[in-house]
Structures are given as C-alpha cells and as structure tokens.
Amino acid sequence: MYEEPIGHTLFAVRILAIADETDPTLTAARLRDIKPDLVIGCGDLGMDYLDYVSSAANACLVYVPGNHDPDLRFRAPASRPGALVFDEVWGNAQPDDEKRELAGINADGRIVQVNGLSIAGLGGSIRYKQGPNQYTQREMARRARNIKWRARLARKPVDIFIAHSPPAGLGDEDDGPHRGFESFIPLVEALQPKLMLHGHIHPHGFEKPDRQLGSTRIVNVIPHQVLEVE
C-alpha cells in the first residue's frame with residue numbers, strides 16, 4: 001500500500017483505489033482512518049461492495065467495469081450532484097445528477113471531473129470468450145482514440161487514467177485472458193496522466209511492482225492502494 005504525494009497542484013486529494021478482490025482489512029473503522037477524498041474502483045467488484053466502501057469512507061466513487069461485471073453501457077451513470085460527464089460519443093459535458101441511476105460515477109469511455117481531478121476511464125479486458133466488457137485490440141484502440149479526442153475537447157490535462165486492464169507489456173501476463181491493451185501505451189503517452197490505475201492481474205500473494213511510462217506511474221491496485229495526488 002502506497003501513501004505518497006504525486007504531482008504539483010495546490011491541494012492533495014487522497015485516493016483509495018480498489019479492484020478485483022474484496023479486502024477484509026477495509027473495515028468501516030479502517031476506512032474512517034484512511035479518510036479518502038475519492039474512492040476509485042478498477043473493476044470486477046460488486047456494486048454492493050463499492051457502495052459499502054464509498055459509504056463507509058464517506059467519499060465519492062468513480063469506477064470502471066471489469067470483464068466479470070455486467071454490461072453498463074446503456075445505463076445512466078450517476079454521481080454526486082454537479083459532477084460533469086463527457087458523453088462517450090459527442091464529448092459534451094452534462095450535469096449527470098439529471099440522469100442518476102447507479103451509485104457513483106461510471107467513467108468507462110468518459111472523462112469526468114471530480115474533486116478538482118480530471119479522470120479518464122476505459123473498463124474491460126481483452127476478449128477471450130463471450131460476455132460483456134471484453135474487447136479486441138482493435139476495438140479498444142478505437143475507444144482509446146475517442147478518449148484522446150475527448151481530452152483535446154475538454155482542454156484540461158487528464159490527471160488520472162483508470163482502467164481494468166494494464167497496458168501491453170507493463171504489468172500484464174502472457175496468457176490470453178490477461179494480456180494488456182496495446183493502445184493504452186500511446187494513450188498514456190498522449191495524455192501524460194500522473195497516475196494510471198488498473199486491476200485484472202491478481203497478485204496471488206506476490207507484490208506487483210509499479211511501472212513507469214514517461215511521467216506516468218502505473219499501479220496495480222488489487223486489492224487496494226492509498227495514494228495522494230496533488
């Protein structure tokens with residue numbers, strides 16, 4: 001677990017990032033001690049667990065789906081009032097409190113503004129069987145291009161990129177279901193976020209080291225990581 005500041009803005013935002021595995025150490029008391037300003041879910045966690053963590057921590061939730069999550073593409077995102085969601089197709093910002101349905105902000109395929117941070121999200125894994133939230137390399141490359149286009153439209157630097165899968169060759173594995181996305185490398189190089197957070201690659205008791213791509217620190221957050229972005 002890392003607790004160190006990143007970046008050079010005026011105020012630090014404390015982030016609790018979670019993915020893939022429910023963590024019995026994240027008791028309500030522990031969450032109150034961590035005092036995150038923001039909870040980020042990187043996929044493959046049930047909404048009940050995400051709701052529990054964000055509610056016990058009294059923090060806003062931003063998440064992307066994993067390959068074991070349901071298809072959320074045609075359901076309205078929800079968030080705290082006033083948060084902005086950049087529409088996946090056209091890129092226009094809308095106050096999403098008018099279309100609330102799910103707890104938290106689904107950032108998949110979007111750029112959202114929360115707690116002064118600009119957060120881009122791309123959920124899902126490489127396609128290896130039938131099911132939602134799985135993409136070929138070509139399909140994810142198209143989604144990555146959409147994020148780059150939206151970032152240019154927003155005219156604001158992206159602070160954090162959240163995904164379920166890692167970039168190819170940077171924390172992924174050789175077996176088919178756990179290969180990373182090739183398109184994430186040029187995306188990260190273009191956006192230059194301070195952090196890329198992901199899950200999908202289970203540690204199985206071994207520490208997964210951080211990776212570096214340019215100025216971007218890439219962190220596998222399973223089961224949880226605490227970070228500060230300034």
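Of all the listed residues (GLN134, GLN130), the sole one being surrounded by 15 or more Cβ atoms within 10 Å (Cβ to Cβ), closer than 18 Å to ASP44 by Cβ and either of a type in the set (D, E, K, R) or modelled with pLDDT under 95 (or both) is GLN134. Contact annotation: residue pairs with Cβ atoms under 6 Å, 6 or more positions apart or on different chains, pairing a residue in the range 137-148 that is within 9 Å of SER183 (Cα to Cα) with a partner that is of a type in the set (Asp, Glu) and surrounded by 14 or more Cβ atoms within 10 Å (Cβ to Cβ), are GLN137/GLU182.
Is it the case that some residue within the range 201-215 is under 16 Å from GLY66 (Cα atoms) and touching an Asp or Glu at 6+ places or on another chain (Cβ under 7 Å)? The answer is yes; a qualifying residue exists. Taking ALA28 as the residue in question, decide whether it is at pLDDT below 95 and either closer than 23 Å to GLN192 by Cα or touching a helix residue (DSSP H, G or I) at 6+ places or on another chain (Cβ under 9 Å) (or both). For ALA28, the condition - at pLDDT below 95 and either closer than 23 Å to GLN192 by Cα or touching a helix residue (DSSP H, G or I) at 6+ places or on another chain (Cβ under 9 Å) (or both) - is not met. Restricting the range 151-180 to residues that are among the aliphatic types (A, V, I, L, M) and more than 13 Å from the chain's Cα centre (by Cα) leaves a set whose member that is farthest from ALA12 (Cα to Cα) is ALA168. Selection of the range 114-130 for residues being within 25 Å of ARG152 (Cα to Cα) and out of contact with any Pro (no Cβ under 8 Å at 6 or more places or on another chain) yields VAL114, ASN115, GLY116, LEU117, ILE119, GLY121, LEU122. The condition of being under 19 Å from ASN133 (Cα atoms) and either part of a helix (DSSP H, G or I) or modelled with pLDDT under 95 (or both) holds for PRO177.
The values are calculated or read from the model by the stated rules, or taken from the named source; none is laboratory data. Bear in mind the structure is a predicted one, so any value in this text is a computation, not a measurement. A quick note on method: Cβ atoms are made from the backbone with ideal geometry, for glycine too, and the neighbour counts reach across all protein chains shown.
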